[in-house]
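Participant: Submitted below is the structure of interest, expressed as structure tokens.
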Amino acid sequence: MNIPVHIGIIMDGNGRWAKKRFMPRQVGHRQGGENLRKLAYEVEKLGVKYLTVYAFSTENWKRPEEEVSFLIGLLREKIQEYIDDKDKNNMRINCIGDLTCLDKKTQADIEHLKQITKNKTGLQVNIAFNYGGRGELIRAVKKMYNDLLKTNLDVNNITEGILEKYLDTSGIPDPELIIRTSGEFRTSNFLLWQSAYSEYYITDKLWPDFNKDDLMEAIKKFNERERRFGGRK
Ligand code: FPP
């Protein structure tokens, strides 16, 4: 079986999972966070190299303040948990997105976690937080523009490869497979540039219920796809 090098996951359905149980949405998010921890181990066991998960989008600020604060708090908790567990696994943990929205301590903890796990050789987990594909492109273009001014690079020489260097995912191969839970058929601004040729797998399962068997099913379906990258067989 062909195992993707990079998998992306849109972890949707935490709210519905909680609602079905007559519980507050927060319980669903917490369960979703727990599921991420479990599933990352399964993904790593398969030999996948990169896992990028959508934890908070640039559009999620539209949610009630209470829910936004909860999700930021959950990120802080998870970062602390990953710092405490650093010797228990072989994962590199990184956050992508515009992290300047977070307080200085959280930003420093994220950087610390990245540094203490950077020499690990297992799965790299990218937690996309305050992430949006459009925002990422704008941030990339701004950084590139500043560098262009410094280097006098001719604008006509800009290539996809050059722009890619300024993305949050610089140096990481594009995801071959993107999984979206809870049945919605949209990208929701996730990895817009990087997903140009990704295969999408959409399941009705809600994120907290998405398990190892579902992951295997997604990879099986991915293997059945004929990937032509715009060419012909
Ligand atoms: C979408 O479900 C989910 C989110 C907006 C949050 C995703 C967060 C986690 C899975 C927890 C892991 C978090 C961190 C910080 C590592 P939804 O609330 O839109 O569900 P609904 O569509 O059923 O209402």
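Participant: Over the chain, calculate the relative contact order: mean separation of alpha carbon pairs under 8 Å at least 6 apart, over the residue count, as a percent.
Facilitator: Working: 338 pairs, mean separation 66.2, N = 233.
Computed value for the chain: 28 percent relative contact order.
Participant: Name the long-range amide H neighbours of LEU192: under 5 Å, sequence gap of 5 or more, or other chain; modelled H, no Pro or chain starts.
Facilitator: Close amide H contacts, sequence-distant or interchain: GLY133.
Participant: Under 19 Å from the 7 Å Cα→Cβ point of VAL155, by amide nitrogen: which residues of segment 112-140?
Facilitator: Label zone hits: 137-140.
Participant: While we're on this one: Run the helix sum for the chain: -39,500 (n - 2.57) per DSSP H stretch of 4+ residues, divided by residue count, reported at 222 nm to the nearest 500 deg cm²/dmol.
Facilitator: That comes out to -13500 deg cm²/dmol.
Participant: In whole Hz and in residue order, list the ³J(HN,Hα) couplings for segment 57-64 that follow from phi through the Karplus curve 6.51 cos²θ - 1.76 cosθ + 1.60, θ = phi - 60°; x for Gly and Pro.
Facilitator: Coupling constants for segment 57-64: 9, 4, 8, 5, 5, 6, 6, x Hz.
Participant: Taking amide H positions as placed 1.01 Å from N in the peptide plane, with prolines and chain starts having none, which residues 5 or more places from THR52, or on another chain, fall under 5 Å of its amide H?
Facilitator: ILE7, GLY8, ILE9, ASN126
Participant: Evaluate the distance, in nm, between pseudo-label points positioned 7 Å from the Cα of ILE162 and of TRP61 along their respective Cα→Cβ axes.
Facilitator: Label at ILE162, label at TRP61, 3.0 nm between them.
Participant: In segment 155-188, which residues have a backbone nitrogen under 18 Å from the label point lying 7 Å from LEU137's Cα in the Cα-to-Cβ direction?
Facilitator: Correct set: 158-170, 174-175, 186-188.
Participant: Moving to a separate point now. Would you mind checking which residues have amide H under 5 Å from TYR200's amide H? H placed 1.01 Å from N; only 5 or more apart, or other chain.
Facilitator: Result for TYR200 returns ILE178.
Participant: Counting C-alpha atoms alone, how compact is segment 117-233: give Rg to one decimal and Dmax as a whole number, in angstrom.
Facilitator: Here Rg and the maximum Cα pair distance are 17.3, 52 Å.
Participant: What does the highest-first list of 117-126, 4-13 look like by mean Cβ count within 10 Å?
Facilitator: Descending packing order for the listed peptides: 4-13, 117-126.
Participant: Applying a 10 Å radius around every beta-carbon, put 48-57, 220-229, 67-76 in order of their mean neighbour count, most first.
Facilitator: Most protected by this proxy first, the peptides run 48-57, 67-76, 220-229.
Participant: Give the relative contact order (percent, whole number) for segment 3-73; include only Cα pairs under 8 Å separated by 6+ residues.
Facilitator: Reported relative contact order: 42 percent.
Participant: Tell me, what ³J(HN,Hα) does each residue in segment 95-108 have, in order and in whole Hz, if you take phi through Karplus 6.51 cos²θ - 1.76 cosθ + 1.60 with θ = phi - 60° and put x for Gly and Pro?
Facilitator: Each residue of segment 95-108 in turn: 10, 10, x, 8, 7, 5, 6, 8, 5, 4, 5, 5, 4, 5 Hz.
Participant: About its Cα centre, what dipole magnitude does the chain give when the only charges are +1 on Lys and Arg Cβ and -1 on Asp and Glu Cβ, stated in debye to the nearest 20?
Facilitator: Around 180 debye, computed over the chain.
Participant: List, in order, the whole-Hz ³J(HN,Hα) value for each residue of segment 202-219 obtained from phi through the Karplus relation with A = 6.51, B = -1.76, C = 1.60 and θ = phi - 60°; use x for Gly and Pro.
Facilitator: Result, ordered by residue: 10, 10, 6, 3, 7, 3, x, 9, 6, 10, 4, 4, 5, 4, 4, 5, 4, 6 Hz.
Participant: Same structure again: With only alpha-carbon pairs counted, each pair once and no self-pairs, how large is the Kirkwood hydrodynamic radius of the chain in angstroms?
Facilitator: For the chain, inverting the mean 1/r across all distinct Cα pairs yields 18.7 Å.
Participant: Suppose R0 equals 25 Å; then what is the FRET efficiency for ARG76 and ASP98 from their Cβ-Cβ distance, rounded to the nearest 0.05?
Facilitator: 0.90
FYI, it's all coordinate maths here, none of it is from the lab. This one's a predicted model, so the numbers in the text were calculated from it and none came from an experiment. FYI the Cβ positions are ideal-geometry reconstructions off the backbone, even for glycines, and counts take in every protein chain you see.
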